[in-house]
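The next block holds one structure in the form of structure tokens; read it before the comments.
Nothing in this text is a laboratory measurement; each read-out follows from the coordinates by a stated rule. This structure is a prediction, so every number in the text was calculated from the model and none was measured. Here the Cβ positions follow ideal geometry from the backbone for every residue, glycine too, while neighbour counts run over all protein chains shown.
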Amino acid sequence: MRTTLDLPNELLEEALKITNEKNRTSLIVNSVKSTIRRYKLAELIKKQGTIPLDIDLDKLRKRRSESSSR
């Protein structure tokens, strides 16, 4: 989708330099993706401890260590 934005040039140039993005489009797309990811992670963190799980962590850790040693 084409969108016209009025963004400060200095801000875009600094962001391009910091992120090493190739162009402004990829910078904006990746910035939006990053914002969405941060929001979703924050929502998951809010739910931490609210979902009852019947998991034996020691059993899972043991299985993980056994599979990594192969």
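Only helices (runs of 4 or more DSSP H) whose full extent lies in the chain are considered here, and the ones with at least 3 residues that are out of contact with any helix residue (DSSP H, G or I) (no Cβ under 9 Å at 6 or more places or on another chain) and surrounded by 10 or more Cβ atoms within 10 Å (Cβ to Cβ) are 24-47, 57-68. Taken as a whole, the structure leaves Ile45 outside the set of residues that are in contact (Cβ under 8 Å) with a residue 12 or more places away in the chain and at negative phi. For the stretch 16-39, a residue qualifies if it is over 19 Å from Thr4 (Cβ atoms) and polar (S, T, N, Q), and the qualifying residues are Thr19, Asn20, Asn30, Ser34, Thr35. Look at the stretch 1-18: where a residue is free of Cβ contacts under 8 Å to residues at least 12 places away in the same chain and a partner is of a type in the set (A, V, I, L, M, F, W, C) and in a helix (DSSP H, G or I), sitting 6+ places away or on another chain with Cβ atoms under 7 Å, you get Leu16/Leu27.
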